[in-house]
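For reference, the structure discussed in these notes is given below.
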Amino acid sequence: MEKKLLHVYPQRCTACRNCEIACSFAHPIDGKAGVARIKAFGDKEGRVGHNQIVVCMQCEDAACVSACPANALWRNPDTGAIYLLEERCIRCHSCVAACPFGNMRPQADEFPSKCDVCGGDPACVKFCPANALEYK
Amino acid sequence: MIELTIDGKRVQARKGEHLLAIARREGVEIPTLCHHEAVEPSGACRMCMVEVTRPDWEGWSKLVTACNFPAEEDLIVRTRTDKVMQTRKEILELLIARTPGSQLIAEMAREYGLDHPTLTVGELSEKCILCDICTRVCQNLVTGAISRINRGVEKEVNTPFAEVSDVCIGCLACAKSCPTDAIEFKQVGLERTIWGRTFDLVPCTQCGAPTLPKEQAEWLSERTGMKVEEYFVCVKCKAAQTARTYENIAW
Amino acid sequence: MATNINLDDILTRYPEEEASLIEILHDIQAAHRHLPRETMKTVAEYTGVPLSRVTAVATFYSAFSFEPKGETVIKICMGTACHVKGANLIKGEAERKLGIKAGQTTKDGKFTLEVVNCVGACAMAPLVIQNEQYYGKFKPVDLDKLLRTGE
Amino acid sequence: MKLTLDTFHKFQKEQAARLEGRKAITVCCGTSCRAKGGLDVASAIQTKLKDAGLDENAVELTQTGCHGWCEMGPIVTVEPEGTFYQQVKVEDADAIVASYTKGNAEEKLLYRDPTTRQRVASYHAIPFYAGQTRWALRNVGRVDPANINDSIARGSYVALNRALTSMTPEGVLNEVAEAKLRGRGGGGFDAGRKWRSAAKAPGFPKYIICNGDEGDPGAFMDRTIMEGDPHGVLEGMILAAFAVGSNQGYIYVRQEYPLAVEHLRQAIKDAHAMGLLGDNILGTEFSFDVRIARGGGAFVCGESSALMRSIEGKVGEPRAKYVHATDKGLNDKPTVLNNVETYVNVPLIVEKGSQWFANTGTDKSKGTKAFSVVGKVLHSGLIEVPMGTTLRELIFDIAGGIPGKNRQFKAVQTGGPSGGCLPEKMLDLPVDFDSLADNGSMMGSGGLIVMDDRNCIVDVARYFVHFLVEESCGKCVPCREGLRHLLDVLERITQGKGKMSDLDTIERLCDVLENGSLCALGKSAANPVRSTLRYFRKEYEEHINEHFCKAGVCPALCTYKINDQCTGCTLCAKVCPTHCISGSRKEKHVIDQAKCIQCGSCFDVCNFNAIDILGSNG
């Protein structure tokens, strides 16, 4: 199977943050919204086409993976994405400190949150009204 | 691949794969307390006991711990026989007596119909069930700051001589992986205290928010080759920084 | 105590590996009648075992103790043969006479009272060991003599 | 001098010839005899021999290991006559040497048969020894353990020489398998099968471990063998290594056995010097070395997986044995672990053949077994008999039965903390691996603790559980927590606070120990309690319902009172440690109940049955 990637088109982004909300609800904790794994940055000056989306790039030589002492970060060969295996995670948050892009996000007493492309059907893509996100 | 039976269902597995892993893959629930995927199974809590037999055992069966029993061809595994359920219930009663204050144990005990424990109970403040997860995690994955000292009923988890450990990096993995929340820690502002040692959380070089203890950063740096300072930026600032970088990239 | 010199002598008897740990602890215990805390870090470094595991081992095995033992160590054998021949009474008397419980050392550092789970000299039961000397067919009244010689 | 296959034979013959008809005085210097002054006796005899002008060519003075009859120590024998002197004191040295020069025996030091009142001159005529078949103990008490030539003279390493000359490893394996040698440490596992698995297992190096962590209280067979015949143990291990393909061995010895460590160290050194251990054994391609690992005082380390962790320098916690040690043992490599007595039997099998070995014993338990028969028995000591000998023969015929004219046999405890207590009606059971297990106990490593009617069975159960609480490693929940509660209940009963429902709690806790524990220590921890409850339930009920400990052991449940039979002999008053017995000579004495600690000393010395043991209310 050819691996799909989460493509980002920031110039189309309206910074409506639907992606964040979709992500939160796609990864709930105890039925409540979790920490979004994607972040939309509206341009400070409000210029159209200058908004930004920051989401995990599933790096080839990932800092999170090499920082994890428990081998809890694992690349799924089907989706090509790096998954956090919660049952292996010891919650030391080393990955959070290691990711240079701010894409491993801490959740107080929980496991860090990490984009897993929703197992191959990312919610953020579905809920983006501006087609700024594509999974292909 | 081999085939075995779990609760009447034929399932496939690798030879030698642990029964617990197979059961979980097949959606068969087996309770555990001392199991953690990040470390080798220990077989200490005995909650994952299941009954196994084989067609050639002539009706003879035995209780084994699913967490470390290796699968073999034609093994017949039963996870909820009377003997299994009774043993788990008794173990929970022993644990309730040890840690009457633990919510998790109380909940599990209720599930097993243990409404009126009869054994003499210990102190309410005791929460540790000596499952060994924290010490296995710290010894095998982190720096080995804590261990189980003494023997038998005297056994407890602590740092050497119960003194402040100079190898602890304050990562909280022990406390966070504890199933009964028995390890206390405190985090206020830029301070984090665990095992009697207070760590300074390095403030984010950009916004001043707490990041991580310098000791953890140094430990990480040694393992990954990243510079220590690279760890001292908080997630928010790192993401914003990433966004700013994107600005300058032609898409 | 010239701790450092002795420690080096002991360490070099064994290879620098985890398997040497218990043997090294035995030798330190024999040399000092306890495991001086300050030596444990050196032992940890020498064997390549984290200090926490050294203390785990040192506290697991009853042969080791971090507290200095008294000049005279009185061990009361509590093996089955000794038990059926009244070792309990000897223990009770010894505790009463020394004013300490088994496992403790008198305030003046003269006596340590210990119990041991069988030393395999069961034909002499009940048995009391003072330092390395065995006393068989021991009676509670024999304690007076034993405590006098220990002084 | 390093021996080779060629030179060994000649050397052995020379040494054997030296011993043939040798004039020697042996002094037992085992742990017990040493404690009673054995070493001083030896040096006193040495001096007297010198004074008498007898040098070592005229008569050898040999310090041997334990004769097993520790009751009678220090023991001195005169060879070749086999004269047996008992309870020898330093002052007796003169008389011994004097009668030696005269060529007769010193009458007053000979054993006196309690029934015939006759003195018995020879070792072999004494019932304690005549009833025995000493295989594992063949050299113990006969050789000087510190002198390898002595051992070689008595046949040590002959089997090794034979194996290396004319047998293949497979051949040695087959002999051991066909002899049906079973592990003497308690488990009774087929040694041949174990060795074969390890031989077949992939992986290198392979290890041979000798378990000398004789932890069962009341057992000292292995101590005696290690102290008295260290070369027998080494030879057995070397043969195992040859059969399995190992070149590294370990002997794990309890630190409570310093003399065993000393003798084994010496034996290893000597065997090295003679080319019997180390590189190129007897000049062949086969190399094998042995190291000693001292235990740290933890009973649980007698359990094989815990023992291996301990050799690795770790905390001695057992692991699940779902993967066998023969595949993944020490350092996760194939490992054969057997106990001292098992190894010491191996040279015999290799030398004399499996058929010869298997001719002795029962159908499923071949050979002999050494027992330490101790407690309330006349002649406590080490007794080796063919498998299948009954408990009655062991306890009454050989060990002389229960001492004290008014005392009666109550129970025999076998198998240590993993075994159980068997009552009078079980005395005709043959002792082997299976019969005792079928009856709620086990043969175990061979400790037999005999109890009389002055021993309280509930107290014995409490004793074992207390022992196990102290020795539990604390890893798994049922053992660590279950035993603690079991002790709690038993203590309540011995203190008179028991309820009948406690007996159900005991059963329940025994179940979870048996079904839930990780290792054999926990799984079998219920046996001492279960067996006493099974055979002596009435005594538990007396404790609970009548507040009465008829053995007079549990202080809260008994009172000692002097009855009208008292003749006023004052003996009881003299032995009372709290001086609470008063009365004038020739008048009835009285016990001050406020001061009495229920130790029973008075009861035990009274010759007139004048003391009664009553319930707590009198």
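Just give me the residues in the range D:541-583 being over 30 Å from C:Ala94 (Cα atoms) and either of a type in the set (Val, Ile, Thr) or buried (at least 21 other Cβ atoms within 10 Å of the Cβ) (or both), in sequence order.
Kept after step one, since they are over 30 Å from C:Ala94 (Cα atoms), are these residues of the range D:541-583: D:541-542, D:544-546, D:563-568.
Result: D:Ile544, D:Thr567.
Within the set D:Val512, D:Val529, the sole residue that is within 29 Å of the chain's Cα centre (by Cα), modelled with pLDDT of 95 or more, in a helix (DSSP H, G or I) and crowded, with 24+ Cβ neighbours inside 10 Å turns out to be D:Val529.
Every residue, every condition in (1) under 15 Å from the mean Cα position of the chain (by Cα); (2) within 14 Å of chain D (Cβ to nearest Cβ), yes or no:
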position: C:Glu38; (1), (2): no, no
position: C:Tyr61; (1), (2): yes, yes
position: C:Thr80; (1), (2): no, yes
position: C:Gly86; (1), (2): no, yes
position: C:Glu114; (1), (2): yes, yes
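Determine whether A:Arg47 is at pLDDT below 95 and within 11 Å of another protein chain (Cβ to nearest Cβ). In short, yes.
Of all residues in the range A:50-62, those that are closer than 30 Å to B:Cys134 by Cβ and either in contact with a strand residue (DSSP E or B) (Cβ under 7 Å, 6 or more places away or on another chain) or facing chain B (nearest Cβ under 9 Å) (or both) total 1.
Using the structure shown, decide if A:Val65 is touching a Lys or Arg at 6+ places or on another chain (Cβ under 7 Å), facing chain B (nearest Cβ under 10 Å) and of a type in the set (Val, Ile, Thr). Outline the logic, then answer.
Values: touching a Lys or Arg at 6+ places or on another chain (Cβ under 7 Å): no; facing chain B (nearest Cβ under 10 Å): yes; of a type in the set (Val, Ile, Thr): yes.
When the stated conditions are applied, A:Val65 does not pass them.
Count of the range A:15-73 residues, restricted to those that are of a type in the set (Lys, Arg) and surrounded by 21 or more Cβ atoms within 10 Å (Cβ to Cβ), is 2.
Determine whether B:Arg110 is more than 28 Å from A:Ile90 (Cα to Cα), surrounded by fewer than 16 Cβ atoms within 10 Å (Cβ to Cβ) and not acidic (Asp, Glu).
Working: more than 28 Å from A:Ile90 (Cα to Cα): no; surrounded by fewer than 16 Cβ atoms within 10 Å (Cβ to Cβ): yes; not acidic (Asp, Glu): yes.
Criteria not met by B:Arg110.
Looking at the range B:175-198, which of its residues are part of a strand (DSSP E or B) and out of contact with any Cys (no Cβ under 8 Å at 6 or more places or on another chain)? Step through it out loud before you land on a result.
Looking only at the range B:175-198, we keep the residues that are part of a strand (DSSP E or B), and these are B:185-188, B:191-194, B:197-198.
Hits for the range B:175-198 are B:Phe185, B:Lys186, B:Gln187, B:Val188, B:Glu191, B:Arg192, B:Thr193, B:Thr198.
Residue by residue through the range D:59-89, note down the ones that are crowded, with 24+ Cβ neighbours inside 10 Å and away from every other protein chain (no Cβ under 14 Å). If the condition is that a residue be crowded, with 24+ Cβ neighbours inside 10 Å and away from every other protein chain (no Cβ under 14 Å), then D:Thr64, D:Val76, D:Phe84, D:Tyr85, D:Val88 are the ones that fit.
With the requirement that a residue be within 11 Å of the chain's Cα centre (by Cα) and facing chain B (nearest Cβ under 7 Å), what does the range A:105-136 give you? Hit for the range A:105-136 is A:Arg105, nothing else. For the range C:122-133, filtered to residues that are modelled with pLDDT under 90 and more than 22 Å from D:Val450 (Cβ to Cβ), the residue that is farthest from the other protein chains (Cβ to nearest Cβ) is C:Asn131.
Taken over the range C:91-101, the criterion of being buried (at least 18 other Cβ atoms within 10 Å of the Cβ) and either in contact with a Leu (Cβ under 7 Å, 6 or more places away or on another chain) or not assigned by TED's automatic domain parsing to the domain that holds C:Ile129 (or both) is satisfied by C:Glu93, C:Ala94, C:Leu98.
Just to be sure before I move on: is D:Val489 among the aliphatic types (A, V, I, L, M), touching an Asp or Glu at 6+ places or on another chain (Cβ under 7 Å) and not in a loop (DSSP other than H, G, I, E, B) in the structure I sent?
On the way: among the aliphatic types (A, V, I, L, M): yes; touching an Asp or Glu at 6+ places or on another chain (Cβ under 7 Å): yes; not in a loop (DSSP other than H, G, I, E, B): yes.
Against the criterion (among the aliphatic types (A, V, I, L, M), touching an Asp or Glu at 6+ places or on another chain (Cβ under 7 Å) and not in a loop (DSSP other than H, G, I, E, B)), D:Val489 qualifies.
Against the numbered list (1) away from every other protein chain (no Cβ under 12 Å); (2) assigned to a helix (DSSP H, G or I); (3) among the basic types (Lys, Arg), C:Lys69 comes up short only at (2). Selection of first residues in the range A:27-42 that are in a strand (DSSP E or B) and of second residues that are basic (Lys, Arg), restricted to Cβ pairs under 8 Å at least 6 apart or on distinct chains, gives the following pairs, ordered by first then second residue: A:Ala40/A:Arg17. In the range B:27-53, which residues are assigned to a loop (DSSP other than H, G, I, E, B) and more than 28 Å from B:Asn140 (Cβ to Cβ)? Answer for the range B:27-53, where residues must be assigned to a loop (DSSP other than H, G, I, E, B) and more than 28 Å from B:Asn140 (Cβ to Cβ): just B:Gly27.
Scanning the range C:51-68 for residues that are touching a helix residue (DSSP H, G or I) at 6+ places or on another chain (Cβ under 7 Å) and small (Gly, Ala, Ser) returns C:Ser52, C:Ala58, C:Ala63. With respect to the conditions (1) over 28 Å from the mean Cα position of the chain (by Cα); (2) free of Cβ contacts under 8 Å to residues at least 24 places away in the same chain; (3) not in a helix (DSSP H, G or I), B:Leu201 lacks only one, and its number is (1). When you look at C:Ala31, is it among the small types (Gly, Ala, Ser) and within 13 Å of chain D (Cβ to nearest Cβ), yes or no? No. Within the range A:78-97, which residues are more than 13 Å from A:Cys56 (Cβ to Cβ) and within 12 Å of chain B (Cβ to nearest Cβ)? Within the range A:78-97, A:Leu85, A:Glu86, A:Glu87, A:Arg88, A:Cys89, A:Ile90, A:Arg91, A:Cys92, A:His93, A:Ser94, A:Ala97 qualify.
Of the residues making up the range C:49-62, none is within 28 Å of D:Gly552 (Cα to Cα) and buried (at least 21 other Cβ atoms within 10 Å of the Cβ).
The values are calculated or read from the model by the stated rules, or taken from the named source; none is laboratory data. If you're wondering where the values come from, they're calculated on a predicted model, not measured in any experiment. Every residue, glycine among them, receives a Cβ derived from its backbone with ideal geometry; neighbour counts consider all protein chains shown.
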